[in-house]
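For reference, the structure is listed below as structure tokens.
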Amino acid sequence: MIIAIDGPAASGKGTLGKRLAAHFGLRHLDTGLLYRAVAKALLDAGHPLDDRDRAIAAAKALDPARFGERTLKGHTIGEAASIVSAIPQVRDALLAFQRDFAAAPPGAVLDGRDIGTVIAPHADVKIFVVADPEVRARRRAAELKAAGQAADEAAILEDIKRRDERDRTRAVAPLVAAADAKTLDTSQLVIDRAVAAAIRIVEDATRPR
């Protein structure tokens, strides 16, 4: 079984992906980490984020086994990832890896921004997670503070709005719900209720007719 979860930054899709994978005995891939790792490689080397050739080279050289998730989850890396992810050749370089991950037994939960539309258009279940920008900014600020990092909620909100606009309007694989995706609004849901709602969506979609 393949479950595709898409949605904007800080909508809760990553947490839902992990919990659904654990519940259904599937593997999980936060595809955003791939783009964050490319962005970090460029930043670490002192290269501009819009350096297409170096970004493509970084994408082809990725080793997910060496990812440090805590480092990659930083706010600065997230903003940088939004820039490199708009480079079509970077997306192409990461496409095969994501599809291979999804296809390997026993199946997987992938979360990102183009899973249901590009990476796994034939996924068994597609969920499009949304939440109000203000709610997402508050969650992200709390997440950063819990990790011991500084967090300016107002600045985070502005960054989220910019990322939303960039993700929705990019020429390649824009953020959009697949036609057959179920929308899950987590604005008013604590995580356990959001997970329960997502589980119901999966069970309804996979129940024998």
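Where does the stretch 79-164 land on Rg/Rh, using Cα atoms and the Kirkwood Rh?
Working: Rg = 15.7 Å, Rh = 15.1 Å.
Rounded to two decimals, Rg/Rh equals 1.04.
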As an exercise, use a Förster radius of 22 Å and the Cβ-Cβ distance of residue 176 and residue 44 to find the FRET efficiency, rounded to the nearest 0.05. 0.10
Accessible surface of the chain, 1.4 Å probe, proportion on carbon and sulfur as whole %: 53
Got a sec? Which residues in the stretch 128-171 would a label at residue 204 touch, if it sits 7 Å along Cα→Cβ and we count backbone N under 20 Å? 128-132
Listed residues 53, 111, 30; largest mean-square fluctuation, Gaussian network over the chain with Cα springs below 10 Å, found at 53
With a cut-off of 8 Å between alpha carbons and a minimum separation of six or more residues, what is the relative contact order of the chain in percent? 33
Return the single residue from 188, 98, 89 with maximal mean-square fluctuation; model: Gaussian network over the chain, springs between Cα atoms under 10 Å. 188
Can you pick out the pairs among 161/182; 13/161; 60/182 whose Cα atoms lie more than 29 Å from each other? 60/182
Can you give me the Rg/Rh ratio for the stretch 32-135, using Cα atoms for both radii and the Kirkwood formula for Rh? 0.97
Can you bin every Cα-Cα distance in the stretch 133-190 into 5 Å intervals starting at zero and give me the percent of pairs per bin, rounded to whole numbers? 4, 17, 17, 21, 20, 13, 6, 1
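Projected area of the stretch 15-86, taken from the Cα convex hull and averaged over every viewing direction, in nm²?
Details: hull surface 20.5 nm².
The directionally averaged projection comes out at 5.1 nm².
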For Cα extents along the principal axes in Å, the choices are (i) 77, 39, 36; (ii) 53, 47, 30; (iii) 54, 36, 31; which was calculated from the structure? (iii)
Which of the aspartates and glutamates could be linked to residue 18 by a straight reach, that is with a Cα gap under 14 Å, when you skip same-chain ones fewer than 8 residues away? 6, 30, 69, 111, 192
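The values are calculated or read from the model by the stated rules, or taken from the named source; none is laboratory data. Source: prediction; values computed, not measured. Because the Cβ atoms are built from the backbone with ideal geometry, glycine has one as well, and the counts that use them run over all protein chains shown. Surface accessibility is based on the protein's heavy atoms, side chains included, excluding ligands, DNA and RNA. Shrake-Rupley method; radii C 1.70, N 1.55, O 1.52, S 1.80 Å.
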